[in-house]
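The values are calculated or read from the model by the stated rules, or taken from the named source; none is laboratory data. Small disclaimer: the values here were computed from a predicted structure and weren't measured. Positions of Cβ are generated from backbone atoms using ideal geometry, with glycine treated the same way; all protein chains shown enter the neighbour counts. For the accessible areas, the whole protein counts, side chains as well, though only heavy atoms, and no ligand, DNA or RNA atoms are used. Shrake-Rupley method; radii C 1.70, N 1.55, O 1.52, S 1.80 Å.
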Amino acid sequence: MAVYRHLLAHHWKSFTRSLSRRNRWLTVLAGGMVMLYVTVLLGGMGFFFKEVFRGTPAGIDSVSFLNQHLIEVLLGMFSMRFFLQQGPRMKIRPYLHLPIPRKSLVRFYQLFSLLSFHNVIPYLFVLPFWLRYFIAGGYELRGSLTWLAGFTLFLFLSHFAINLLRTVLSRNSLHFLIAISAMASLLVIDQVIQTHFVSLMSFVLFGQLAAGNLYFLGLIAACTVSIFLYSSAVIRQNLRSTPEANGSPRVLRRAIFFGPKRGQVMNLIMLELRMIWRNKRPKHYFLLSVVFALAYISLMLADTDMFQSEAINAVIGLFASGTFALNYGQLMFAWESIYFDGFLARSIRPEEMVLAKLMILQGSCLLFFLISLPLFIWLNPDLLLLHVTFLFYNAGVTSVLMLALAVRNQHRVDIARSGSFFNYEGFSLSHWLWIVPTVLPPAITLFLLQNIRWTALLFIGGVGVASLVFSRKWSEYFTQQLLSRKYQMAMGFRKYED
Amino acid sequence: MKIEVHRLKKHYSDHFALDVPALSIERGQSFGLVGNNGAGKTTLLRLLLDLLPADDGEVLIDDEPVALAEEWKRHVGSYLDSSFLLDYLSPLEFLSFIGSVYGLSRPEILERLAPFTPFLPPGALDPHGVLIRDLSTGNAKKVGIVAALFFEPEIAILDEPFANLDPRSQIVLKNLLRDLNTKQSLTLLISSHDLAHITEVCKRIAVLENGHFIREIDTSDETLRELHDYFAAE
């Protein structure tokens, strides 16, 4: 217990010190406002569920309707959380050399990681829903409590499952990719051939919980505890590997010779592509973007019910070709933070550096457009035009927005040191906020102009093309930004952040 | 090409780091910086390379302020720490990238690397070599130092070049630097804790203490003992 008390004291200290270091009041204010908006929005959707989801089939009450889709929603959240949830491994590392049992350390940090923003968000929706439709809706107290407890256990189960999957990913990315692809394929098949097994399972499971069935609650509890114990064991085993390891020493089949013939911009593009492919973390970003573009997008495309909403279409379009730009682009320059001094001290023209990065982002949009194109042709040809439109939007606008964020980033990302896939290293609140201006304009445009959809798509694509035409101008602008911020960036990149 | 420093001052947010009223290093000089940890050596080198903004004063290379110009970078080779290495490349890939930055073709790169082969780790120029991150700290550093020197710069700025190197490599590097300085008039600016090596390589040595130049010495047979006595007496 003394160990846990000490660990809790450390984290309390770290938390209070991080609060006192915050001086970006504008960002905090903007973050607070977004949080307030999300709270009101989700709370409103939960409380006024019946009124908001007026398309509920006749004869099905709100609770049954939600029960039917709850696992699908949780699976959707699972994919998002996979990218964003903070894992326990980075926090464990500073204590590994101390005489503290590793089992205790891992279990403590597994449980500690439950204190996450991602485990709070769902309750903003669920609690108002529960109060109105269960407590005030005539459900028995036992059933109401069992349902809420079951939902909570399900949330924890997905939390520990993410910790497990990410540990598997850091040990063997091939196993991970096979497992994820198989799971996603089954889900897509379930949608495409309309067996709707997931909906049925969700309906039965949460229906039984709402009826107060304690056996079902025990079943979920047993699954959650099993996943907790198994993921703890896998994390513990994985602690033995050195976090710096990017695999065993690798002998090149043939070195690439950089020469002046190709031109400096092309050399810099080749250099960054090598950096991505030869370092675990950016490589995982790339591979997961491919999985995301294939699995997540196909799930969304297969669910034809969703296409009643133009806002959802905007999200599909944005992520289908822009997923890598959105994930990777935000940390450009920061990926190379451990090499940044070397870049600055050498005769590398900043304008060429910026242009190379812009071209990588734009090229990634084309690549991911092509990767996801067969899915659009197969699953929903009606959205092909939207896919083409968002190729231009992502290449023209999203890439530029991501680069704008990248030149503002002053947080170090240590690609060699980072043992896990994603740990917020290098990310700040402003990174999350920037998703809003990226998604909102096309979503609002599509929503407002849904009756003249062609015009909306023409407008969105046109903005993208216009921005693409000005690529040179953008790179000149970002060069100025880079030059004016280079000292702050270099200072920030030299600092280690745990 | 010469280096000039005028009224250079640097504070970090919570403490004073450096105050150099004037410093001039002429073309072909070899200038050594010695001092205890935290004396300001690396800060001075970073200011010279425009990696830090000065609070006051300026650094000029060939009469151009380094903070306002880029041309000087074509003539300055530097290695301060591992951030100057791209460790996901093999030594040959990295050196060819550096060569391409300075406009060298493949034959030129290989030709200019030839004199450095005895200093480079074995197999460094092998097309089937390992990545820099899989080399030992010392061997990786050798690659970084060669990257600062092989494209025939007019000025070389090196931070602790002898640290982490095996004894043989320290001797090879010492001879290499002396040769480049005398035969090619390479201007050298080196910081080091190794008093013996720095007195053998540099003809002028400055002692930096708490951000101030305490003394400057033209090296002679007595310099090593003088420096030893100075640091022992502290």
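Figure legend. Inter-residue proximity from the range A:382-395: first residues free of Cβ contacts under 8 Å to residues at least 60 places away in the same chain, second residues among the aromatic types (F, W, Y), beta-carbon distance below 7 Å, spacing 6+ or different chains. Indicated pairs: A:L384/A:F376. When restricted to residues that are within 9 Å of chain A (Cβ to nearest Cβ) and either part of a loop (DSSP other than H, G, I, E, B) or over 23 Å from A:D414 (Cα atoms) (or both), the range B:98-122 contains 9. The set of residues in the range B:177-211 being assigned to a helix (DSSP H, G or I) and either crowded, with 19+ Cβ neighbours inside 10 Å or basic (K, R) (or both) consists of B:L177, B:R178, B:L180, B:N181, B:K183, B:L195, B:H197, B:I198, B:T199, B:V201. The condition of being more than 14 Å from chain A (Cβ to nearest Cβ) and at pLDDT below 95 holds for only one of B:G32, B:G38, that being B:G38.
When the range A:101-111 is limited to residues that are more than 15 Å from A:I162 (Cβ to Cβ) and open to solvent by 50 Å² or more (accessible area, probe 1.4 Å), the one that is nearest to the chain's Cα centre (by Cα) turns out to be A:R107. Yes or no: the range A:80-100 includes at least one residue that is closer than 26 Å to A:G218 by Cβ, surrounded by fewer than 19 Cβ atoms within 10 Å (Cβ to Cβ) and touching a helix residue (DSSP H, G or I) at 6+ places or on another chain (Cβ under 6 Å). No. Restricting to the range A:375-406, and then to whatever is among the β-branched types (V, I, T) and within 21 Å of the chain's Cα centre (by Cα), can you tell me which residue is nearest to A:I193 (Cα to Cα)? Selected residue: A:T398.
Considering only the range A:451-497, state which residues are of a type in the set (S, T, N, Q), without any contact (Cβ under 8 Å) to a residue 12 or more places away in the chain and farther than 30 Å from B:D81 by Cβ. If the condition is that a residue be of a type in the set (S, T, N, Q), without any contact (Cβ under 8 Å) to a residue 12 or more places away in the chain and farther than 30 Å from B:D81 by Cβ, then A:N451, A:T455 are the ones that fit. Does A:L391 qualify as being over 24 Å from A:V436 (Cα atoms), part of a helix (DSSP H, G or I) and in contact with a helix residue (DSSP H, G or I) (Cβ under 8 Å, 6 or more places away or on another chain)? The answer is no for A:L391.
For (1) surrounded by 20 or more Cβ atoms within 10 Å (Cβ to Cβ); (2) within 17 Å of the chain's Cα centre (by Cα); (3) farther than 13 Å from B:S191 by Cβ; (4) not hydroxyl-bearing (S, T, Y), each residue gets a yes or a no:
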position	(1), (2), (3), (4)
B:E4	no, yes, yes, yes
B:H11	no, no, yes, yes
B:Q29	no, yes, yes, yes
B:D50	yes, yes, yes, yes
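Among helices (runs of 4 or more DSSP H) entirely within the range A:282-360, having at least 3 residues that are without any contact (Cβ under 8 Å) to a residue 60 or more places away in the chain and more than 14 Å from chain B (Cβ to nearest Cβ) singles out A:310-328. Taking (1) modelled with pLDDT under 95; (2) among the charged types (D, E, K, R); (3) under 27 Å from B:N37 (Cβ atoms) in turn, B:D221 satisfies each apart from (3). Pick out the one residue from B:L95, B:L45, B:L52, B:L68 that is touching a residue at least 40 places away in the same chain (Cβ under 8 Å), part of a loop (DSSP other than H, G, I, E, B) and within 14 Å of chain A (Cβ to nearest Cβ). When all the criteria are applied, what remains is B:L52.
Note on the range A:461-498: among residues that are of a type in the set (S, T, Y) and within 14 Å of chain B (Cβ to nearest Cβ), the one that is least open to solvent (accessible area, probe 1.4 Å) is A:T479. Apart from one condition, B:F162 fits all of (1) within 13 Å of another protein chain (Cβ to nearest Cβ); (2) assigned to a loop (DSSP other than H, G, I, E, B); (3) buried (at least 22 other Cβ atoms within 10 Å of the Cβ); the exception is (1). Here the condition is being touching a helix residue (DSSP H, G or I) at 6+ places or on another chain (Cβ under 6 Å) and touching a residue at least 24 places away in the same chain (Cβ under 8 Å); of B:L177, B:L158, it holds for B:L177 alone.
Residues in the range B:71-92 that are out of contact with any helix residue (DSSP H, G or I) (no Cβ under 7 Å at 6 or more places or on another chain), more than 8 Å from every other protein chain (Cβ to nearest Cβ) and either assigned to a strand (DSSP E or B) or more than 14 Å from A:L344 (Cβ to Cβ) (or both): B:E71, B:H75. Count of the range A:68-125 residues, restricted to those that are under 28 Å from A:F324 (Cβ atoms) and either among the polar types (S, T, N, Q) or touching a strand residue (DSSP E or B) at 6+ places or on another chain (Cβ under 8 Å) (or both), is 6. Cβ separations smaller than 6 Å between residues 6+ apart or across chains give the following pairs from the range A:74-86 residues that are assigned by TED's automatic domain parsing to the domain that holds A:L157 to residues that are modelled with pLDDT of 75 or more and open to solvent by less than 10 Å² (accessible area, probe 1.4 Å): A:R81/A:I162; A:F82/A:I162; A:Q85/A:I162. For the range A:131-150, the tally of residues that are within 16 Å of A:L74 (Cβ to Cβ) and either crowded, with 20+ Cβ neighbours inside 10 Å or over 32 Å from the mean Cα position of the chain (by Cα) (or both) stands at 2. Being open to solvent by 60 Å² or more (accessible area, probe 1.4 Å) and either among the hydroxyl-bearing types (S, T, Y) or part of a helix (DSSP H, G or I) (or both) is the requirement here; does B:L224 meet it? The answer is yes for B:L224.
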